[in-house]
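Only the coordinates and a few stated rules stand behind these numbers; no lab work does. None of the values given here were measured: they were computed from a predicted structure. Virtual Cβ from ideal backbone geometry, glycine too; neighbours counted across all protein chains shown.
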Amino acid sequence: MIADLAAGAAAIADPWVILFVFLGAVIGMVFGAAPGLTATSAIVLFLPVTYAMGPTTSMALLLGIYCSGYFAGSIPAILLNTPGAPGSAATALDGYAMAQQGYGDRAILTAVMSSFVGGLFSLLLLALIAPSLARVALSFTSVEYFTFALVGIVCVAGISRGSMIKGLAAAFIGVLASTVGLDPVSGVGRFLFGQPNLMGGIPTTAALIGLFAVAQMMLLTAKGRQEAEVLPVQQTTSVAEVLKDFTRNKFLMLKSAVVGALIGILPGTGPSIASWVSYSDALRTAKPGDRYGKGEPKGLIACEVSNNAVTGGALVPLLTLGIPGDPVTAVLIGALMIQGFETGPFFIPHNTPLFYSILILLLISNFLMLGIGIAGRRLAAKVLEIPHGIMVPTILCVAGAGAFSLASNPFYLKLVIIFGAMGYLMVRFKIPTAPAVLGIVLGPILEQNLRNALTANDMDATVFVTRPISAVTLAFMCLLLWVWLKPAKKSDDSGDGGGSGTPSDAELKG
Amino acid sequence: MQLKDFLTGAAALAGLAIVAATPAAAQDDYPSQPLQIIVPFGQGGATDQLSRMFAPALEDRLGTPIVIINQPGAGGAVGLANLALLEPDGYTIGVGSDSTLAARPLMDSSGYTPESFDTVVRLVDIPSGIAVRADSPYETLDDLVTALQSGERLNWSGSGIGSGPHLAMAVFLAQNDLTATYVNSNSGQEAMVKLLSGEVDFFSGGGSNYPPMIDDDGSSDIRVLALAAEERWQYLPDVPTFTEAGYPYLRSQWFGFVGPAGMPQEAIDAITEAVRETLEAPEFQDRLDQFYFNPAFQTSEEMRAQIAEEQESFLPILQEAGLAE
């Protein structure tokens with residue numbers, strides 16, 4: 001173990017690796033801060049750049065983007081009331097209220113430091129449970145994988161309670177798209193329309209570029225430039241002051257970190273869900289005198305600790321089961337595959353030094369996020385001023401190049417255009433696009449494992465309740481459904497959530 | 001307003017709709033321009049590593065740069081279907097295998113037939129093998145076959161429907177009148193996970209799956225029962241061949257170059273000669289060892305015959321499984 005740790009550390013002690021983790025942190029900061037661009041789209045766009053790099057350098061760049069991208073969305077959320085990423089939608093509630101009162105600087109500092117705490121907590125969790133979970137995972141069969149993926153789909157449905165039907169509809173659009181290609185069990189072609197390029201199915205990354213990057217660019221083009229409201233002169237705040245807030249709210253931070261990390265572990269969820277769950281929990285336990293929705297730092301702490309705690313959590317199922325915990329990790333599967341690593345129960349035992357490298361890189365990325373966030377918080381706001389006339393064509397070109405380079409196949413450009421148009425229409429009709437992407441990822445996992453589980457057990461469906469892990473997972477799923485459906489009735493009584501307090505479709509896009 | 005918004009958005013898309021055109025080339029002494037190799041699998045896989053291993057050696061011998069293009073999808077079928085549509089100018093070839101060239105065209109909707117290609121030269125092969133968990137009651141291939149004959153219901157897995165390992169085992173079972181339930185996996189590694197988790201009772205996979213699973217001291221979580229080669233395999237000398245185990249059966253997964261049908265003979269000859277020299281070079285053997293490949297040179301005609309022979313043995317299996325007509 002010490003030898004592996006040393007090997008992992010040695011792989012990182014390379015100026016290129018350090019340079020790329022730094023570059024990643026800067027890129028993540030820029031993409032996270034620019035409205036419409038998310039950590040997910042940054043990772044998608046920069047994935048082709050990693051093809052020629054070694055595994056450690058590739059992970060350095062992508063994990064750098066991952067950590068700071070998840071935080072940076074809160075900068076425009078606080079200063080412009082425009083969440084840079086869907087995971088920061090809840091942050092906007094108290095953050096923008098603080099900025100309107102002249103406490104914007106304090107809000108950003110609180111956000112970056114909370115993100116750091118959340119990130120570190122989840123990293124610890126990943127380091128502690130992933131290696132042992134990987135050993136347990138070797139006893140999982142198709143029965144268990146099916147129930148895990150089912151929990152993922154239920155999470156998507158359960159959390160989009162504002163428009164559960166639309167969330168489910170989006171997830172099923174994704175599942176439907178995932179049935180294109182050769183049937184994974186019998187090898188028969190489905191929905192090919194005489195196009196051999198569709199035999200391989202619809203690549204998640206092409207769908208992702210279309211649904212997120214292209215659709216957002218179309219929206220920006222359609223919307224034109226929004227004028228920012230004029231904020232009062234902002235007071236500056238010291239780090240010490242924010243630390244005092246933290247010591248007063250130790251329990252809230254711990255709770256939010258646990259919630260974030262656990263939601264990260266659940267396949268199919270992401271930072272948006274984590275931040276809303278933590279925020280609504282903070283609301284439920286509000287004390288008299290708390291001013292949630294009107295500029296309460298505790299609201300910021302709950303959201304930001306939680307949405308960055310997703311990072312380490314989401315890597316747990318990725319590295320141990322090969323099932324992505326959130327949309328970014330779905331892209332990371334591809335990144336690792338390009339380097340010749342297959343994610344799954346063998347990943348950690350066979351590539352222990354790389355696993356330690358990933359842990360150390362996450363640690364570095366969190367520190368870089370903290371440093372860059374504190375030092376560059378005023379500069380980051382400048383990204384918001386890039387004219388759309390420059391940003392939109394640039395992003396579209398990069399997106400097109402990214403889609404082509406996935407498989408050197410011009411056909412994927414057509415797919416990106418189709419999915420871009422589809423994503424644009426979905427957003428226009430207020431159908432969230434994130435569940436669609438998760439549907440594409442989870443669809444094949446659901447289908448194959450259901451069919452395999454039944455084939456291997458003589459078509460006996462009771463295996464799903466007679467195998468203990470699967471039974472517990474299904475029970476947990478029912479519990480989740482109960483927990484998520486119950487507060488939906490109550491939420492009318494707790495009216496202090498602020499104007500846009502109900503999770504609608506916007507926050508599901510992360 | 002809505003329509004206008006939509007049109008502006010759609011206009012933004014136009015920036016994407018630029019498709020690269022491949023310049024047509026004039027023909028003189030072959031090779032007069034760079035050679036493209038289409039690898040129908042992603043970066044990092046066995047096929048990709050094989051191609052990247054051959055590329056520098058062939059560059060030296062042909063005296064022209066080689067560009068590797070990865071075009072993955074559908075177990076190699078997407079890249080080959082696109083290759084079949086290209087100009088047969090002798091400067092674009094692809095990597096095919098037993099499953100993609102012989103089996104896939106027999107199945108539903110492949111987008112090509114073996115006649116869509118000119119076979120160029122076969123490169124390497126890996127013997128098929130069969131393994132069980134180390135704690136399995138089946139000590140030998142004979143134990144396993146006897147159990148299946150006595151009507152025991154066993155599950156097995158391999159790296160995907162219609163893949164080499166799947167077909168290899170299906171042909172063996174059919175030849176010996178055995179039935180077992182196939183559980184699908186997307187890769188050899190996924191199938192290995194199913195073997196270790198107990199979901200399946202035996203595993204079919206190319207030889208290269210096994211050496212990494214065996215520790216230096218010889219202990220392992222799996223037991224390799226037999227390999228379908230003529231002689232014992234150099235990388236696992238303790239494992240008997242199927243013939244030694246009492247079941248005469250030969251089957252390997254192989255890889256070879258193909259090009260769009262109608263390639264100039266001159267190009268086929270030049271590439272074949274370069275591959276022959278490469279495979280004969282002793283220093284190249286060391287590189288093959290890293291990925292457990294055996295050199296398996298075949299000329300264009302021999303490779304064509306090999307495909308026809310395998311199609312004959314695959315067809316009844318695929319028909320039985322409802323995968324071919």
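For this structure, a couple of remarks:
- Among B:224, B:258, B:78, the largest mean-square fluctuation in a Gaussian network model of chain B (Cα springs under 10 Å) belongs to B:78.
- Taking amide H positions as modeled 1.01 Å from N, with prolines and chain starts lacking one, the residues under 5 Å from residue A:190 and 5 or more places away or on another chain are A:181, A:182, A:183.
- The mean number of Cβ atoms from other chains found within 10 Å of a Cβ in peptide A:334-341 is 3, as a whole number.
- Where trypsin sites (Lys or Arg not before Pro) fall in DSSP loop in the stretch B:95-184, at most 15 other Cβ within 10 Å: B:153
- Among A:256, A:408, the order by Cβ neighbours within 10 angstrom, fewest to most, reads A:408, A:256.
- With the charge dipole of the protein assembly as shown set up from +1 on Lys and Arg Cβ and -1 on Asp and Glu Cβ about the Cα centre, the Cα lying farthest toward the positive end among the listed residues A:143, A:44, A:199 is that of A:44.
- Relative compactness, the stretch B:127-227, computed as alpha-carbon Rg over 2.2 N^0.38 Å: 0.98
- Of the residues A:237, A:58, A:408, the one whose Cα sits farthest towards the positive end of the charge dipole of chain A is A:237 (charges of +1 on Lys and Arg Cβ, -1 on Asp and Glu Cβ, taken about the Cα centre).
- Convex hull volume of the protein assembly as shown per residue (C-alpha atoms, cubic angstrom): 163 Å³
- Order of A:91, B:100, A:237 under a 10 Å beta carbon neighbour criterion, fewest first: A:237, B:100, A:91
- Sequence-separation-based contact order of chain A, relative, with Cα cut under 8 Å and 6+ spacing, percent: 29 percent
- Taking amide hydrogens as placed 1.01 Å from N in the peptide plane, the amide H of residue B:118 sits under 5 Å from those of B:259, B:261, B:262, B:263, each at least 5 positions away in sequence or on another chain.
- Residues whose amide H lies under 5 Å from that of residue B:253, counting only those 5 or more places away or on a different chain, are B:126, B:128; hydrogens are built 1.01 Å from N in the peptide plane.
- Ranked for footprinting exposure by Cβ neighbours inside 10 Å, fewest first, A:430, A:166, B:194 give A:430, A:166, B:194.
- Rounded to the nearest 20 debye, the dipole magnitude of the protein assembly as shown is 4900 debye, with +1 charges on Lys and Arg beta carbons, -1 on Asp and Glu beta carbons, and the Cα centre as origin.
- 10 Å Cβ shell holding at most 11 others, DSSP loop, chymotrypsin sites (Phe, Trp or Tyr not before Pro): longest site-free stretch of chain A: A:194-428
- About its Cα centre, the dipole of chain B is roughly 1000 debye, where the only charges are +1 on Lys and Arg Cβ and -1 on Asp and Glu Cβ.
- Helix A:250-265 and the long axis of chain A differ in direction by around 30°, with both axes built from C-alpha atoms.
- Karplus (6.51, -1.76, 1.60) ³J(HN,Hα), θ = phi - 60°, over the stretch B:271-279, in Hz, Gly and Pro reported as x: 5, 4, 4, 5, 5, 4, 4, 4, 5
- Magnitude of the charge dipole, the stretch A:237-385, Cβ model with Lys/Arg +1 and Asp/Glu -1, debye to 20: 580 debye
- Selected from A:399, A:265, A:112, residue furthest toward positive end of dipole (the stretch A:2-509; charges at beta carbon): A:112
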